[in-house]
Amino acid sequence: MFDLTEEDYELIEAARDAIRRNYDGEKYNHTVGAAVRCGDGRIYRGVNVYSMHGACAEQIAMGAAITDGEREFAAIVAVRGEQGEEILPPCGNCRQILCDYAPDCQVILSVDGAPKKIPAKELLPFAYCFEG
């Protein structure tokens, strides 16, 4: 695990901004914000889309980046709460997507209450990863 840089804290703030703008405290359709920093430094944000077969905020952020032509992912973070106060680890599905699309991407998560980062490929032991 690695300590965070100033760029990482800016990424967390971008995720918090995404959920602050979109938090849905009535129906709880949007409760998680995410931000991904690409290899060129550009940041893309997303919020979860809750439904029976919804999409996680990380998936939305990565999808926005991919739609814009990005293919290199440096770091990603997801936060939950009206102000984005809780840093979340990626769910199993997001871990698989990160393994497939960005195994070396640094995932920011909370470890013993402190933000740390770890390569995505280390979050899914014994994974079957498509690296194509």
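The values are calculated or read from the model by the stated rules, or taken from the named source; none is laboratory data. Small disclaimer: the values here were computed from a predicted structure and weren't measured. Every residue, glycine as well, gets a Cβ built from its backbone with ideal geometry; the counts of neighbours run over all protein chains shown. Just the protein is used for accessible areas: all its heavy atoms, side chains included, with ligands, DNA and RNA removed. Shrake-Rupley method; radii C 1.70, N 1.55, O 1.52, S 1.80 Å.
Solvent exposure of the chain amounts to 56 Å² per residue of accessible area, where only protein heavy atoms count and the probe is 1.4 Å. Rounded to 0.05, the FRET efficiency of the Glu13 and Ala127 pair, given R0 = 35 Å and the Cβ-Cβ distance, is 0.70. Using a Gaussian network model of the chain with C-alpha springs under 10 Å, which one of Gly54, Gly39, Gly81 is most mobile by mean-square fluctuation? Its mean-square fluctuation being the largest, the pick is Gly54.
Could you please state how large a percent of the accessible area of the chain is carbon and sulfur, counting protein chains only and using a 1.4 Å probe? C and S fraction of accessible area: 50 percent. Per-residue SASA remark: Asp40, around 100 Å² accessible (1.4 Å probe; ligands, DNA and RNA not included). The simple Förster model, with R0 at 30 Å and r as the Cβ-Cβ distance, assigns Glu86 and Glu6 a FRET efficiency of 0.90.
Which is the longest part of the chain that has none of the trypsin sites (Lys or Arg not before Pro) sitting in a DSSP loop with at most 10 other Cβ atoms within 10 Å? Free of exposed loop sites, the longest segment is 72-132.
Once the C-beta distance of Ala114 and Arg20 is scaled by a Förster radius of 22 Å, the resulting FRET efficiency is 0.50 to the nearest 0.05. For percent of Cα pairs over 23 Å apart, pick the label among (1) 25; (2) 43; (3) 67 that corresponds to the value derived from the coordinates. Correct label is (1).
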